[in-house]
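What follows is one structure encoded as structure tokens, with my remarks underneath.
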Amino acid sequence: MKVPKHILPIIVISQFLCTSLWFAGNGIMSELKSNFNLAESALGYLTSSVQLGFIIGTLIFALLSIADRYSSSKVFMMCAFLGAAFNICIIWEGNTYASILAFRLLTGFFLAGIYPVGMKIAADYFEKGLGKSLGYLVGALVIGTALPHLLKDIKGNLPWEFVLVITSTIATLGGILMVSLVPNGPYRKQSQHINLSSIPNIFKKPSFRAAAFGYFGHMWELYAFWAFVPIILSMYTEKHAETAINVSFLSFIVIGIGSLGCVIGGYLAQRFNVKKIAFISLFLSCICCLLLPFMLFVSSQVFFIIFLLFWGMVVIADSPLFSTLVAHNAPAALKGTALTIVNSIGFAITILSIQLLNELRTYTDAPIIYIILAVGPIFGLIAIRKRKK
């Protein structure tokens, strides 16, 4: 069946608009700290609260098989509306640290009906060339995640609430676009009931486990890297007083360039092999983790930025490829559940790495602590390599 040309662009645009909610708090972290007297450690906890909400949401969505039992586009729309509503609640003047954490957690909860459900919608339309399609989709997630940093940079004299109002508005628009223009896909197989035993059964297949474990290793590094990109840039400027770096804008570029990595990875996977390209991307990203402590002492600002841009590309390029492998190795009627539960576990891992880095930074600012980011990719590489043998 020929898929209408507008389907993939609409899925991609909707995903981009809605995932702007993800780092909306990170984009205005300095303003939140000053307005609500937050501690230095707030970055880690506010990021982790979104991740925790996402984990809780994906667990509930997976256990109830929501993406497989109901119209995926309608689930996407409702979650976009509710996520946008809780995101904009941060502008309430009566907020406390606890309420901000709660609102970020609830935003994360409804992102569970956006990111994995968006992948499910794509999988329902594109059985062949799914890697390329998910490359565009995850690329949209990357730009959406980076967008709050750009909004902060361009807002000028506008109040910090501008970032939250814009991200909530465009997320609402994304939900409307999805439900209006993307009906259920031709490869969708509806699950008629809740089957709690389906989740452990999914993991019994060795090829599925290999794809999932590769994804878990990738996730250990990914969100910790994204969360700490502004910190890494600030560390570099502190060590090299002669440099002049626009941290917000460059954070947007370093994170956002990952979208290009996703698209290139998708095309390479279509031409060569999905698993091979995922392995190479994860390997290159692992090397970047190990090099970072040394790169912070490089005097050439241009060379350091090129290094971060390269890392920003390879750190996410394997994400749509692992999701493709997960979708291809899951039962057809449980594709949405499989993608959701793998996302849930992957994001639980991101909390561990983010909080570990956050805790280590309270003891030392030595760059060597960032080497722990390599632990996940090493684990993922071993899992894929074993399966290949």
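The values are calculated or read from the model by the stated rules, or taken from the named source; none is laboratory data. As the structure is a computational prediction, the values presented were derived from the model and not from experiment. Because the Cβ atoms are built from the backbone with ideal geometry, glycine has one as well, and the counts that use them run over all protein chains shown.
Filtering segment 329-368 to residues that are surrounded by fewer than 17 Cβ atoms within 10 Å (Cβ to Cβ) and of a type outside the set (Gly, Ala, Ser) leaves Pro331, Leu352, Glu359, Leu360, Thr362, Tyr363, Thr364, Asp365, Ile368. Among the residues of segment 301-324, the one identified as closer than 16 Å to Ile232 by Cβ and polar (S, T, N, Q) is Gln301. A single member of Ser30, Ser34 is closer than 30 Å to Leu260 by Cβ, without any contact (Cβ under 8 Å) to a residue 40 or more places away in the chain and either of a type in the set (Asp, Glu) or part of a helix (DSSP H, G or I) (or both), and it is Ser30.
Inside segment 89-127, residues that are charged (D, E, K, R), within 20 Å of Leu325 (Cα to Cα) and crowded, with 17+ Cβ neighbours inside 10 Å make up a count of 2. Among the residues of segment 213-233, are any at pLDDT below 90, among the hydroxyl-bearing types (Ser, Thr, Tyr), touching a helix residue (DSSP H, G or I) at 6+ places or on another chain (Cβ under 9 Å) and closer than 21 Å to Pro293 by Cα? Yes: one or more hits.
Here is a yes/no grid of residues against (1) among the hydroxyl-bearing types (Ser, Thr, Tyr); (2) surrounded by fewer than 24 Cβ atoms within 10 Å (Cβ to Cβ); (3) out of contact with any Cys (no Cβ under 7 Å at 6 or more places or on another chain):
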position: Pro4; (1), (2), (3): no, yes, yes
position: Gln15; (1), (2), (3): no, no, yes
position: Trp22; (1), (2), (3): no, no, yes
position: Leu32; (1), (2), (3): no, yes, yes
position: Asn37; (1), (2), (3): no, yes, yes
position: Ala42; (1), (2), (3): no, yes, yes
position: Gln51; (1), (2), (3): no, no, yes
position: Thr58; (1), (2), (3): yes, no, yes
position: Ser65; (1), (2), (3): yes, yes, yes
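Only residues that are in a helix (DSSP H, G or I) and out of contact with any Phe, Trp or Tyr (no Cβ under 9 Å at 6 or more places or on another chain) were counted in segment 291-304, giving 3. Residues in segment 234-289 that are acidic (Asp, Glu) and not in a helix (DSSP H, G or I): Glu242 alone.
The helices (runs of 4 or more DSSP H) found wholly in segment 66-147 and carrying at least 3 residues that are in contact (Cβ under 8 Å) with a residue 40 or more places away in the chain and among the small types (Gly, Ala, Ser) occupy 72-88, 115-125.
Modelled with pLDDT of 85 or more, part of a helix (DSSP H, G or I), buried (at least 23 other Cβ atoms within 10 Å of the Cβ) and of a type outside the set (A, V, I, L, M): does that describe Phe162? No; evaluated as a whole, the condition is false for this residue.
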